[in-house]
1. Can you find a residue that is open to solvent by less than 20 Å² (accessible area, probe 1.4 Å), touching a strand residue (DSSP E or B) at 6+ places or on another chain (Cβ under 6 Å) and over 16 Å from Ile211 (Cα atoms) anywhere in the stretch 98-114?
2. Given the conditions (1) within 20 Å of Ile45 (Cβ to Cβ); (2) of a type outside the set (Gly, Ala, Ser); (3) open to solvent by less than 20 Å² (accessible area, probe 1.4 Å), report the number of the one that Asn146 does not fulfil.
3. How do the strands (runs of 3 or more DSSP E) wholly within the stretch 48-139 filter down when requiring 3 or more residues that are in contact with a Pro (Cβ under 9 Å, 6 or more places away or on another chain) and either more than 25 Å from Glu180 (Cα to Cα) or modelled with pLDDT of 95 or more (or both): which remain?
4. Mind checking whether some residue in the stretch 77-90 is under 16 Å from Gln171 (Cα atoms) and surrounded by fewer than 22 Cβ atoms within 10 Å (Cβ to Cβ)?
5. Out of the stretch 155-184, which residues are on the phi > 0 side of the Ramachandran plot, at pLDDT 95 or above and surrounded by fewer than 17 Cβ atoms within 10 Å (Cβ to Cβ)?
6. All but one of (1) without any contact (Cβ under 8 Å) to a residue 60 or more places away in the chain; (2) open to solvent by 30 Å² or more (accessible area, probe 1.4 Å); (3) out of contact with any His (no Cβ under 9 Å at 6 or more places or on another chain); (4) among the aliphatic types (A, V, I, L, M) hold for Ala126, so report the exception by its number.
Amino acid sequence: MTLRLLALPLIAVLAACQNPADEGGAGVTEETLPKAVIETDMGEIRIVLHAGKAPVSVANFLAHVEAGTFEGGSFYRVVRDDNDRPDIENPMNLIQGGWGFEGLPEAQGIAHESTDMTGLSHVRGAVSMGRYDVGTATTEFFIMLNDTPGLDAGPDGRNPGDEAGYAVFGQVVEGIEIAEAIMNGAAGGHEGAPEGFAHQFLTEPVTIRSIRRVR
C-alpha cells in the first residue's frame, strides 16, 4: 500500500469536510450529507457521515479516504457475545477496521467529539472512531451491530475512569448484513494480534479494497 499521507494539520482536515452545516438547521437532511462506500472482499457497506454534528471526525475520515490510507487495510477485529469481556452484562457487537490496530503512525490525533456534544449514540449501524486516550483517534473506526450505550459519554460507560466515551461520526445506510457477516467470521489465535486481543482478531482479516466518497 502506498501512503500519501504523513500528517493532517487541523486546517487541512476541516477543509476536507465540505458540509459543515448544522444537521439540525433548515434544509439540511440525510440527502445533503456526505456519503462513502466501504468496499470489502465480502461486499459493500454504505455510510452517511454526520458532517454537521461531528465535523472534525468526518473531515479526518474523508481526508484519509482522499489520501488512500485505507486501501489494502482491513476489518481485523470483531467483538460479540462469545468473546466480549466476561464481566460485561450487555456485550457489545462490532467490527473494527482501518489501516491497522495501532493506527497510522504518522497521523495526528484529532479532537474528541463526544456523544454528549454531538447528540449521537452507539446504536446499531453507528460508525465511531477507535482510540486509546482522548485525542488519539487517527485512522481506526468501528461499526456497531447492536445498541451499546456504554460506549457513549457518561459515568455509566464501559471503561472505568473514562467518561468521554467514543466519537460517533456516521451511520450505515446499506450493507449492514455485510458487517454482520464480517462479525460472525472465525476469530482467535491470530498471529501478531496485540496482547489480550487475539481472541477478538479475525483468523482471516477482511480486506478493505477501497473507501470512496460518493457525495
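The values are calculated or read from the model by the stated rules, or taken from the named source; none is laboratory data. Note that this is a predicted model, so its numbers are computed, not measured. We place every Cβ from the backbone using ideal geometry, glycine too, and count neighbours over all the protein chains shown. When the accessible area is computed, the model is the full protein with side chains, heavy atoms only, and any ligands, DNA or RNA have been set aside. Shrake-Rupley method; radii C 1.70, N 1.55, O 1.52, S 1.80 Å.
1. Yes, because at least one residue in the stretch 98-114 is open to solvent by less than 20 Å² (accessible area, probe 1.4 Å), touching a strand residue (DSSP E or B) at 6+ places or on another chain (Cβ under 6 Å) and over 16 Å from Ile211 (Cα atoms).
2. Status for Asn146: all satisfied but (3).
3. So the answer is 73-79.
4. no
5. If the condition is that a residue be on the phi > 0 side of the Ramachandran plot, at pLDDT 95 or above and surrounded by fewer than 17 Cβ atoms within 10 Å (Cβ to Cβ), then no residue fits.
6. Looking at each condition in turn, Ala126 falls short on (2).
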